1. For the pairs Lys46/Lys66; Lys18/Lys66; Lys32/Lys66; Lys22/Lys47; Lys32/Lys84; Lys30/Lys50, flag any whose C-alpha to C-alpha distance is greater than 21 Å.
2. Could you work out the relative contact order of the chain, using alpha carbon pairs under 8 angstrom and six or more residues apart, expressed as a whole percent?
3. With runs of 4+ DSSP H residues as the only contributors, calculate the mean residue ellipticity of the chain at 222 nm using -39,500 (n - 2.57) per run, divided by the residue total and rounded to the nearest 500.
Amino acid sequence: MRDQVPSHWRGAVLVCSKCSKKVGGGFGPKGKTRLAKALRELGNGKKGRKADFGVIETGCLKLCPKQAVVVIDAHRPRDWLLVKPGSSVEALADRLGFVPPTIAVT
């Protein structure tokens, strides 16, 4: 039996699912998508350990900001981010280092 499994993640974030429910979506093109789903959609289209980065929805993180979602970057666990609805998911992904690889045009 294996004692470890490889993944293709370049990084991981924790997203508070309770905050996401309280905000009621607020992300994506129409403003109805939850933050975790919007972040996952920026990946390479794969799920789980084969994705470019991991987005893990957790239970309540006990911070409970008003009208914001708590996000923890695994690279910088000391700095918790408070993301307001309507914020650019692409800008958040850039801040987290999850920018999709650019395609070279020849």
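Just so you know, all these numbers are worked out from the coordinates, no wet-lab data involved. This one's a predicted model, so the numbers in the text were calculated from it and none came from an experiment.
1. On the way: Lys46/Lys66 32 Å; Lys18/Lys66 12 Å; Lys32/Lys66 18 Å; Lys22/Lys47 25 Å; Lys32/Lys84 13 Å; Lys30/Lys50 28 Å.
In this structure, Lys46/Lys66; Lys22/Lys47; Lys30/Lys50 lie more than 21 Å apart at Cα.
2. Details: 173 pairs, mean separation 34.6, N = 106.
Over the chain, the number comes to 33 percent.
3. Details: 3 runs with 22 residues, N = 106.
Rounded to the nearest 500, the figure is -5500 deg cm²/dmol.
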